[in-house]
Amino acid sequence: MKKLALALLFCGAAAFAAPVTYTTTGSFLSNGLTSITVNGATVSYTGVTVADTVTAPSYANVGEFTISGNASATFSDTFTLVISQTVPSTGTGVTSSSISGTVSGSSSGISLSFAPSTFPIGSATWTMSPTPLAPPSTNGGVTTLEAYVTTTPEPASVGLLGASLLGLGLAFRRRAVK
């Protein structure tokens, strides 16, 4: 009886964890490319081009920004991020952030603030947090961009949880009667 109750409990708990598979691309508004250069300093973006899967809820790597060059430069542009999701449902989410601030070899005044910061793709919800970009002297100028992804349980998952709770209730009732 204990084994049955534990199995039902674990089935119900697993109903709310869901895999999310996605890729990402991005570009700067001024040139439509993945990098911009001003006065010898470059800000570039590398997306997730090979499908990645995370188990939601969790953080997902949606790409990397790299600042290179030791020159001091002032950037002013808009970056658009596109998340293409294939699981649990197919869809695309688009968000953008201004790239505005001064960078040098040892400092960066650029922080990404995406709008919208939260957007749905099918049954998944993606949330972007403000992210400061690292200067070339810190971590090689690489900043990993992450989003928090959650999923809404599908009706079958909610049904599985309900059946698990019903089974547990019946098991405890039988035990109480004896």
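The values are calculated or read from the model by the stated rules, or taken from the named source; none is laboratory data. It should be emphasised that the depicted structure is a prediction, and the values quoted were computed from it without experimental measurement. Counting neighbours? That spans all protein chains shown, and the Cβs are built from the backbone with ideal geometry, glycine included.
Condition check: assigned to a strand (DSSP E or B) and either basic (Lys, Arg) or in contact with a Gly (Cβ under 9 Å, 6 or more places away or on another chain) (or both). Does GLY105 satisfy that? First the steps, then the outcome.
Values: assigned to a strand (DSSP E or B): no; either basic (Lys, Arg) or in contact with a Gly (Cβ under 9 Å, 6 or more places away or on another chain) (or both): yes.
No, not satisfied.
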(message) Looking at THR125, THR25, THR78 in this structure, which one is among the β-branched types (Val, Ile, Thr) and in contact with a Gly (Cβ under 6 Å, 6 or more places away or on another chain)?
(response) THR25
(message) Could you check segment 69-92 and list, in sequence order, the residues that are among the hydrophobic types (A, V, I, L, M, F, W, C), in a strand (DSSP E or B) and free of Cβ contacts under 8 Å to residues at least 40 places away in the same chain?
(response) ALA73, PHE75
(message) Quick check on this structure: which one of VAL54, VAL38, VAL48 is surrounded by 12 or more Cβ atoms within 10 Å (Cβ to Cβ), more than 24 Å from the chain's Cα centre (by Cα) and modelled with pLDDT of 95 or more?
(response) VAL38
(message) Return the residues of segment 10-27 that are surrounded by 14 or more Cβ atoms within 10 Å (Cβ to Cβ) and either modelled with pLDDT of 95 or more or under 18 Å from THR86 (Cβ atoms) (or both); say none if nothing qualifies.
(response) ALA18, VAL20, THR21, TYR22, THR23, THR24, THR25, GLY26, SER27
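The rows are residues; the columns are (1) over 20 Å from SER27 (Cα atoms); (2) at pLDDT 95 or above; (3) hydrophobic (A, V, I, L, M, F, W, C); (4) surrounded by fewer than 17 Cβ atoms within 10 Å (Cβ to Cβ).
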{"residue": "ALA71", "(1), (2), (3), (4)": "yes, no, yes, yes"}
{"residue": "THR78", "(1), (2), (3), (4)": "no, yes, no, yes"}
{"residue": "THR86", "(1), (2), (3), (4)": "yes, yes, no, yes"}
{"residue": "VAL94", "(1), (2), (3), (4)": "no, yes, yes, yes"}
{"residue": "THR102", "(1), (2), (3), (4)": "no, yes, no, yes"}
{"residue": "SER111", "(1), (2), (3), (4)": "no, yes, no, yes"}
{"residue": "THR138", "(1), (2), (3), (4)": "yes, yes, no, yes"}
{"residue": "LEU145", "(1), (2), (3), (4)": "no, yes, yes, no"}
(message) I need the full set of residues from segment 113-134 which are buried (at least 21 other Cβ atoms within 10 Å of the Cβ) and part of a loop (DSSP other than H, G, I, E, B), in order please.
(response) PHE114, LEU133
(message) Just to be sure before I move on: is THR80 under 22 Å from GLY140 (Cβ atoms) and in the same structural domain as ALA147 (by TED's automatic domain parsing) in the structure I sent?
(response) no
